[in-house]
Amino acid sequence: MKGAIYYSWKWGRLGFVKDNYTWGDNYHGANIRSNKVPSIGYIDFNIKPVEWVELNYTHSWLVSEILDSARTYMIGNEERKLFMNKNMAANLITFKPFKRLHFSLGNSIVYSDDGIKPYYFIPIMFYKSIDHTYNAAGSNALGQNTQMFMNISSRQIKHLHLYTSIYVDEISVGKIMDQQNSSNILSAKFGFKLNNFPIQNTYLIAEYTRTNPWTYRHQIESTTYASNQYSLGHYLGENAQEIYLEGGFRILRGLKIALSYTNALKGPAHVYQLVAGNANVKGLPFMQNVAWENQSIEGAVRYEIINGGYVYAKLRISDIKGDMNYTPSFYQGNQTTFSGGINFGF
């Protein structure tokens, strides 16, 4: 169930929402904030005080699915079970220094255990510094889970959209090139879309995503970057990469034909341990072996029969193999899948 109530004015809006939202330019899965997770409740605050800057802020009520044993109690013969609270504050500030060039910076914090904190309702704030003030900076076991991110989108070259988005869980700037001691725990996406060139009514998309080991995760389960145990970041999660290609042609008004190719690889999940009192998250090798692989080709046809109303059909040929925790057995191996339907509004 999704819904929202908003108050809007000329240069902003404030709303209470239960829905999905996306941060980070993409055409096949965002890596900062994905909309492929169950909808969550959040406060949505957006302002555009001047033409060259925009602020997006959200405060979300996430679902931890972790039992709070201290609040669990008995009613007769029935045990009343309660989840630990889990919340997230996030902001994204977009600067528009030139026409069709957007540069965005933001950060977020997932916090738990001791209720809502009013200082996380401040839209323009670096939340990691607050965490260090209230929970100290000496141990991840004491604090909350913070993230930083950046997005660049350029349409300055005619017919071409260039974009990149980077999500940072942790990074060692001084040791970024040290393979043994670095902690480059991040996800990066690079891509472009070419429209109406060299042929009118055509487009081409190419997108590459790489997510290093331990990204989106945290040793304190109640502060992971997730809700209902679904990662809020890229759908492949940690230790993975994806190449996505798509080409399309609009034959006539409302009729679109597209062909896409996906090559998604995922390595084994990192097993967290304390070694000599230190977390084993430094110098993690990227995808030493492949635990799961998906190669697929999909053809799609969509026709707008009325304004906002579509009929569509898709044919996918896929080869999916590896860890069955990522794919139901029905879709494993070489498969041909046909789907179709109608939809309104998007």
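The values are calculated or read from the model by the stated rules, or taken from the named source; none is laboratory data. Just so it is clear, the model here is predicted, and its values are computed rather than measured. Cβ sites come from the backbone with ideal geometry, for glycine too, and all protein chains shown count toward neighbours.
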Within segment 20-136, considering only strands (runs of 3 or more DSSP E) that don't extend past its boundaries, which have at least 2 residues that are among the basic types (Lys, Arg) and crowded, with 19+ Cβ neighbours inside 10 Å? none
Cβ contacts < 7 Å: first residue farther than 16 Å from ALA240 by Cβ and in contact (Cβ under 8 Å) with a residue 12 or more places away in the chain, restricted to segment 266-286; second residue aromatic (Phe, Trp, Tyr) and surrounded by 13 or more Cβ atoms within 10 Å (Cβ to Cβ), any location; separation 6+ or different chain. Result? VAL281/TRP214
Just to be sure before I move on: is LYS266 charged (D, E, K, R), modelled with pLDDT of 90 or more and closer than 25 Å to PHE338 by Cβ in the structure I sent? no
Looking only at residues that are of a type in the set (S, T, N, Q) and modelled with pLDDT of 90 or more in segment 128-144, which one is nearest to the chain's Cα centre (by Cα)? GLN144
So, in segment 191-205, of the ones that are free of Cβ contacts under 8 Å to residues at least 40 places away in the same chain and surrounded by 14 or more Cβ atoms within 10 Å (Cβ to Cβ), which residue ends up farthest from the chain's Cα centre (by Cα)? ASN195
Selected residue (only one of TYR235, TYR216 is of a type in the set (Phe, Trp, Tyr), under 23 Å from PRO285 (Cα atoms) and crowded, with 20+ Cβ neighbours inside 10 Å): TYR216
Scan segment 172-201 residue by residue and report those that are within 15 Å of GLU238 (Cα to Cα) and either of a type in the set (A, V, I, L, M) or in a loop (DSSP other than H, G, I, E, B) (or both). SER183, ASN184, ILE185, LEU186, ALA188
Give LYS193, LYS175, LYS96 a once-over and let me know the one that is out of contact with any Leu (no Cβ under 9 Å at 6 or more places or on another chain), at pLDDT 95 or above and over 25 Å from GLN229 (Cβ atoms). LYS96
Restricting to segment 293-317, name every residue that is charged (D, E, K, R) and out of contact with any Lys or Arg (no Cβ under 7 Å at 6 or more places or on another chain). GLU304, LYS314, ARG316
Which pairs have Cβ atoms under 8 Å, sit 6 or more apart or on different chains, and link a residue in segment 95-107 that is farther than 25 Å from TYR120 by Cβ and touching a residue at least 24 places away in the same chain (Cβ under 8 Å) to one that is surrounded by fewer than 14 Cβ atoms within 10 Å (Cβ to Cβ) and of a type in the set (S, T, N, Q)? PHE98/GLN156; LYS99/GLN156; ARG100/GLN156; LEU101/GLN156
